[in-house]
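The values are calculated or read from the model by the stated rules, or taken from the named source; none is laboratory data. All values reported here derive from a predicted model rather than from experimental measurement. We place every Cβ from the backbone using ideal geometry, glycine too, and count neighbours over all the protein chains shown. All accessible areas refer to the heavy atoms of the entire protein, side chains included, with ligands and DNA or RNA removed. Shrake-Rupley method; radii C 1.70, N 1.55, O 1.52, S 1.80 Å.
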Amino acid sequence: MRRRCARRNNVIVAPKVLFLYNEHLATEALLGEAFADQGFDVEGFEVVPAARVDDPAGDVTFPDPTGYDVIVPLGARWPVYDDALRRSWVGAEMQLVRDAADAGAALLGVCFGGQLLAQAFGGSVARSTDPEVGWYDVTSDNEELIPGGPWFQWHFDRWTLPPGATEIARTADASQAFVLGRALALQFHPEVDADLLDVWLADDRDGEVTGFGLTHEQLRSRTTDLAESAATRVRNLVRGFVTHVVRQPCPSS
């Protein structure tokens with residue numbers, strides 16, 4: 001595997017992060033900026049395109065994971081335990097993250113992506129009795145890795161920890177982060193900014209936000225109020241991930 005900060009012809013080669021867009025609306029937003037700030041080249045791969053959003057099962061040929069230093073499976077609207085998906089691309093993506101871990105890559109899973117990591121490494125995922133939509137206070141056991149405070153949530157499922165994993169953050173109703181080797185799983189959405197939220201709200205065709213007694217304007221207002229704080233915390237989260245999970249900080253060029 002190509003190692004972080006390798007030298008070619010005495011030139012430092014930037015580490016590479018691959019974001020897996022499990023659906024077309026779930027992009028990296030603030031996370032991409034935070035990884036770029038840490039010196040990473042940022043790439044993306046679309047798993048389920050917009051044309052298949054209502055029929056997402058199907059075969060996907062994923063990139064070779066050994067070409068990346070970090071792989072980040074992002075969110076999606078479907079359950080990670082759906083049988084048709086597990087028999088197709090979800091099963092393939094679970095194998096990809098296992099292969100990536102075996103090859104020495106670090107993993108950062110976000111919401112659906114975090115649940116996929118849990119499922120891939122021996123945990124389970126099921127429908128939650130207490131789903132979360134909106135901004136929720138997250139309690140952290142390790143502020144250097146997961147800054148506590150309000151983080152954005154939009155999930156109806158929750159995981160049980162894989163064997164050997166350590167939970168490091170939670171809300172009153174759900175586990176919010178665990179570490180397993182060089183993998184960090186997040187239940188919340190650190191990537192969300194006002195622009196990404198607007199995209200999600202425009203697609204809220206089932207009225208999930210109003211089902212929680214909220215309005216779109218309330219979510220937009222809260223997101224605007226927290227914009228500066230959230231941007232700072234996501235940079236700190238990625239810095240902590242690189243320092244404490246990836247554990248291969250880049251030397252100065």
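Could you check the range 78-102 and list, in sequence order, the residues that are charged (D, E, K, R) and either in contact with a strand residue (DSSP E or B) (Cβ under 7 Å, 6 or more places away or on another chain) or not in a helix (DSSP H, G or I) (or both)?
If the condition is that a residue be charged (D, E, K, R) and either in contact with a strand residue (DSSP E or B) (Cβ under 7 Å, 6 or more places away or on another chain) or not in a helix (DSSP H, G or I) (or both), then Asp82, Arg87, Glu93 are the ones that fit.
Please name all residue pairs, on different chains or six or more residues apart, with Cβ atoms under 6 Å, provided the first residue is in the range 219-248 and is open to solvent by less than 60 Å² (accessible area, probe 1.4 Å) and the second residue is in a helix (DSSP H, G or I) and small (Gly, Ala, Ser).
Pairs that qualify, where the first residue is open to solvent by less than 60 Å² (accessible area, probe 1.4 Å) and the partner is in a helix (DSSP H, G or I) and small (Gly, Ala, Ser), are Thr223/Ala194; Val234/Ala34; Val238/Ala34.
Can you work out which of the residues in the range 57-73 that are β-branched (Val, Ile, Thr) and assigned to a loop (DSSP other than H, G, I, E, B) is nearest to Gly91 (Cα to Cα)?
Val60
Given the condition touching a Phe, Trp or Tyr at 6+ places or on another chain (Cβ under 7 Å) and under 15 Å from Asp137 (Cβ atoms), answer yes or no: does some residue in the range 153-169 qualify?
Yes: one or more hits.
With the condition kept exactly as written, say whether any residue in the range 119-138 is assigned to a strand (DSSP E or B), closer than 27 Å to Pro65 by Cα and open to solvent by 10 Å² or more (accessible area, probe 1.4 Å).
Yes - at least one qualifying residue is present in the range 119-138.
Would you call Trp159 assigned to a strand (DSSP E or B) and touching a Cys at 6+ places or on another chain (Cβ under 9 Å)?
Answer is no for this residue.
Output the qualifying pairs, or none if there are none: Cβ atoms under 9 angstrom, residues six or more apart or on different chains, first residue in the range 98-110 and closer than 13 Å to Leu180 by Cβ and of a type in the set (D, E, K, R), second residue assigned to a loop (DSSP other than H, G, I, E, B) and open to solvent by 10 Å² or more (accessible area, probe 1.4 Å).
That search, which allows pairs on different chains as well, returns Arg98/Phe121.
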